[in-house]
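The values are calculated or read from the model by the stated rules, or taken from the named source; none is laboratory data. Since the model is a prediction, treat every value here as computed from it, not as a measurement. For neighbour counting, all protein chains shown are included, and Cβ atoms are generated from backbone atoms with ideal geometry for every residue, glycine included.
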């Protein structure tokens, strides 16, 4: 079922090959993120996760720029969610901010890889979103900036926490402290993006091809790999190995492996059952 609120900000195409494509669709507004964007994105990704059919998700965009981040009118509007004038309002602010953070957390928590296909500007909150994805590819005209420092605030939706685990910490600090733009070639050199293509069309084509290659693999193995990688980021090796012991015992499937080996030997996509839908509450 389509969500009219979501359709204001993006379209969602679930393809037969297990790849889903979420496309930001407000180019006239530079694909800026109004408050309603965040729960719409969260709900869309959680639905894909719950239904179990998606094996890889590509997040793309329309127009010259991927996204200019949070709409500036949000900060100028005096909305109640930004009020920190007393202790009760500060406590409510904390709750609201954590809820916003969680709208990007779902990209990290999904049992399928998420790929951002970026053209033009990826600024402010858009970089928070891209940093929560597993992979990023970009066009030659792409540029990235932790824009929040220019409006007198620290970036607060995850980029300061995730970026130092993607690029060298010194680069992350340079971006956070200066707000200066990182161009596509430097983004590739420091590991912020996995691939660079000449234009937006080529970037999307590459992202979809990458997603297709991922979707052709065992969804059990893919989910297990992502869970293990995510856990290892923030845990010592010994703890991560123990988690892997438990995780592998939960997802090891000799029949699935047989199908994967046969497909690999035949150089053809494997035929795997989708993940099970989440049970209804």
Quiz item: When region 96-123 is examined, which residues are found to be over 16 Å from residue 187 (Cβ atoms) and in contact with a helix residue (DSSP H, G or I) (Cβ under 6 Å, 6 or more places away or on another chain)?
Solution: 96, 100, 103, 104, 106, 107, 108, 110, 111, 113, 114
Practice problem: Considering each of 269, 274 in turn, give the residue that is surrounded by 13 or more Cβ atoms within 10 Å (Cβ to Cβ), touching a helix residue (DSSP H, G or I) at 6+ places or on another chain (Cβ under 9 Å) and within 20 Å of residue 15 (Cα to Cα). | Solution: 269
Practice problem: For region 152-169, name all the residues that are farther than 17 Å from residue 132 by Cα and touching a helix residue (DSSP H, G or I) at 6+ places or on another chain (Cβ under 9 Å). | Solution: 153, 154
Self-check item: Cβ pairs under 6 Å, 6+ apart, first in region 161-186 and in the same structural domain as residue 102 (by TED's automatic domain parsing), second in a helix (DSSP H, G or I) and loosely packed, with under 15 Cβ neighbours inside 10 Å
Solution: 165/233; 179/150
Self-check item: Selection within region 177-212 - within 16 Å of residue 123 (Cβ to Cβ), crowded, with 18+ Cβ neighbours inside 10 Å and touching a helix residue (DSSP H, G or I) at 6+ places or on another chain (Cβ under 9 Å)
Solution: 182, 192, 193
Self-check item: Of all residues making up region 139-163, the number that are under 18 Å from residue 68 (Cβ atoms) and assigned to a loop (DSSP other than H, G, I, E, B)
Solution: 9
Exercise. Please find, among 141, 128, 105, 156, the residue that is buried (at least 24 other Cβ atoms within 10 Å of the Cβ) and out of contact with any strand residue (DSSP E or B) (no Cβ under 6 Å at 6 or more places or on another chain).
Key: 128
